[in-house]
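**Student:** Have a look at this one before I ask anything.
What follows is calculated from the coordinates using simple rules that are stated; it is not laboratory data. None of the values given here were measured: they were computed from a predicted structure. Ideal geometry is used to build each Cβ from the backbone, glycine not excepted, and the neighbour counts take in all protein chains shown.
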Amino acid sequence: MTDGSMEAWAVASAGPIDSHPLRRLRRAVPDPGPGQVRVHVRVCGVCRTDLHLAEGDLVPKHDLVVPGHEVVGIVDRHGEGSKRFADGDRVGVPWLARSCGSCRFCLNRRENLCTAPLFTGWDVDGGYAEYVIADEAFAYPLPEAFSDEEAAPLLCAGIIGFRALRRSRLPPGGRLGIYGFGGSAHLTAQVAMAEGARVHVMTRSPEARQLALELGAASVGGADDRPPEPLDSAILFAPVGTLVLPALEALERGGTLAVAGIHLSDIPPLDYQRHLFQERSLCSVTANTRHDGQEFLEAAARIPLRVSTVAYPLDQADRALADLAHDRVNGAAVLVNGND
Ligand SMILES: [Zn+2]
Ligand SMILES: [Zn+2]
């Protein structure tokens, strides 16, 4: 930051990732407003939501929005009244940038369902840049147990997966099916196993199946394979609507399937007897509360989670997203800002 400008990536023309929807550009380094901090980005995780945004599955909220909502960085400037963090503190900037604080959901401890939320890297510029602005009330202090690269994927992949696990209502010692095994799933599986679950992983990627076995999965199979035993709970991480059917069919009576993604391709028609009867449930997962985030980060440090990352320099964000799109990332991709 010699001339008051910084490097950033923005969604220039949403479309298939191989058509290069992101553009590298220079932006003025932003200044924090009241209650905000400026964060010098060290690492930003690459989430599938960024890919949905780049490809237009999620419509960008404004032109040239900077993606990225798994930001690990250092507080370097304070806005008026901001005093939660000190200069030099390491913080995490997550997906939920701000909730309104006054709707019925915010007032009922369900701020993830806020009717007027702002999201990092969608409504407000995110961490595919050298600096980012965050409301201090929505940033997290980060456990020291994790390096910057390890901490980044915890901030969305980890937290959303954790909420999905809770939404799947897995009973103690239960049998959990995980469909798709990328950044979020590999963290969630470890939390479930630490809590005593038997985890079965279904994924089309041989490398991901290998990682699942290394982490202690009870079995691995192809994307829509039947697990070797009925499931009390299942989580669909792959954004593939056709997988809802085999996942529901694999559930035990009374079981729950939680869909973790923000975007899902079309779900084919369900057969009531085959997919839902016997009190099987299908539910979605929408963002997370700050309480989810705190609870997850504490659990992550306590277990402690093994975070599998693949690092890319910030100037190769487009390559990281293309690799994610084409299943070439085993674990969680992260962008490292080397311009210190
Ligand atoms: Zn609200
Ligand atoms: Zn995300």
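**Student:** Given 5 Å bins starting at zero, what is the percent of C-alpha pairs of segment 166-208 in each, up to the one with the largest pair distance?
**Tutor:** 6, 23, 34, 22, 10, 4
**Student:** Can I ask one more? Karplus couplings for segment 301-315 from phi (6.51 cos²θ - 1.76 cosθ + 1.60, θ = phi - 60°), rounded to Hz, Gly and Pro as x?
**Tutor:** 6, 6, 4, x, 5, 9, 9, 9, 10, 10, 8, 10, x, 3, 6
**Student:** Lys/Arg Cβ at +1, Asp/Glu Cβ at -1, dipole of segment 30-120 taken about the Cα centre: which of 75, 114, 64 is farthest positive-ward?
**Tutor:** Among 75, 114, 64, the one farthest towards the positive end of the dipole of segment 30-120 is 114.
**Student:** By how many nm would the segment from residue 229 to residue 319 lengthen if fully extended, with 0.36 nm per residue of separation less the alpha-carbon distance?
**Tutor:** Extra length available between residue 229 and residue 319 comes to 28.5 nm.
**Student:** What is the antiparallel percent of DSSP beta bridges lying wholly in the chain, to the nearest 5?
**Tutor:** Roughly 55 percent of the beta bridges in the chain run antiparallel, per DSSP.
**Student:** For a quick check: sort 119, 162, 277, 181 by the number of other beta carbons within 10 angstrom, fewest at the front.
**Tutor:** 277, 119, 162, 181
**Student:** Using the crude model of +1 on Lys and Arg Cβ and -1 on Asp and Glu Cβ, and no other charge, please compute the dipole size for segment 220-340 relative to its Cα centre, in debye to 20.
**Tutor:** The dipole of segment 220-340 has a size of about 120 debye.
**Student:** Classify segment 179-263 from the C-alpha gyration tensor, please: rounded if a/c falls under 1.5, else prolate or oblate depending on whether a/b exceeds b/c.
**Tutor:** Note, shape of segment 179-263 comes out rounded.
**Student:** Here is a further query. Kindly state, to the nearest 0.05, the FRET efficiency for residue 204 paired with residue 271, given R0 = 25 Å and r defined as their beta-carbon distance.
**Tutor:** Computed FRET efficiency for residue 204 and residue 271: 0.55.
**Student:** Something else now. If each DSSP helix of 4+ residues adds -39,500 (n - 2.57) and the sum is divided by the residues in the chain, what number results at 222 nm, nearest 500 deg cm²/dmol?
**Tutor:** For the chain, the value works out to -6000 deg cm²/dmol.
**Student:** Next question. Kindly put 253, 280, 23 in sequence by how many other C-beta atoms sit within 10 Å of each C-beta, fewest to most.
**Tutor:** Fewest to most other Cβ atoms nearby, the residues stand as 253, 23, 280.
**Student:** Non-local amide H neighbours of residue 120 (under 5 Å, H modeled in plane, Pro and chain starts lacking H): which ones?
**Tutor:** Here the answer is 96, 97, since their amide H atoms fall under 5 Å of that of residue 120.
**Student:** Of the residues 173, 255, 81, which exhibits the maximal mean-square fluctuation in a Gaussian network model of the chain defined by a 10 Å Cα contact cut-off?
**Tutor:** Maximum fluctuation in the GNM of the chain, among the listed residues, is at 81.
**Student:** I've got another one for you. From the Cα gyration tensor of segment 39-108, with a ≥ b ≥ c the square roots of its eigenvalues, which class applies: rounded if a/c is under 1.5, or else prolate if a/b is larger than b/c, or else oblate?
**Tutor:** oblate
**Student:** Follow-up. Given charges of +1 on the Cβ of Lys and Arg and -1 on the Cβ of Asp and Glu, with all other atoms neutral, how large is the dipole of segment 1-148 about its Cα centre, in debye to the nearest 20?
**Tutor:** 360
**Student:** For segment 231-246 and segment 168-221, compute the distance between their C-alpha centroids and round to whole Å.
**Tutor:** Spelled out, the Cα-based centre of one part sits 13 Å from the other.
**Student:** DSSP beta bridges in segment 33-175, what fraction antiparallel, as a percent rounded to 5?
**Tutor:** Taking every DSSP beta bridge within segment 33-175, about 95 percent pair in antiparallel fashion.
**Student:** Round to the nearest 0.05 the FRET efficiency obtained for residue 23 and residue 80 when R0 = 56 Å and r is the Cβ-Cβ distance.
**Tutor:** Between residue 23 and residue 80 the formula returns 0.95.
**Student:** Taking the Cα centre as origin and putting +1 on Lys and Arg beta-carbons and -1 on Asp and Glu beta-carbons, what dipole magnitude results for the chain, to the nearest 20 debye?
**Tutor:** 860
**Student:** May I ask you to sort 76, 50, 63 by Cβ crowding, counting other Cβ atoms within 10 Å and putting the fewest first?
**Tutor:** Fewest-to-most ranking of 76, 50, 63: 63, 76, 50.
**Student:** Using Cα-Cα distances under 8 Å and only pairs 6 or more residues apart, what relative contact order does segment 171-212 have, in percent?
**Tutor:** Across segment 171-212, relative contact order equals 48 percent.
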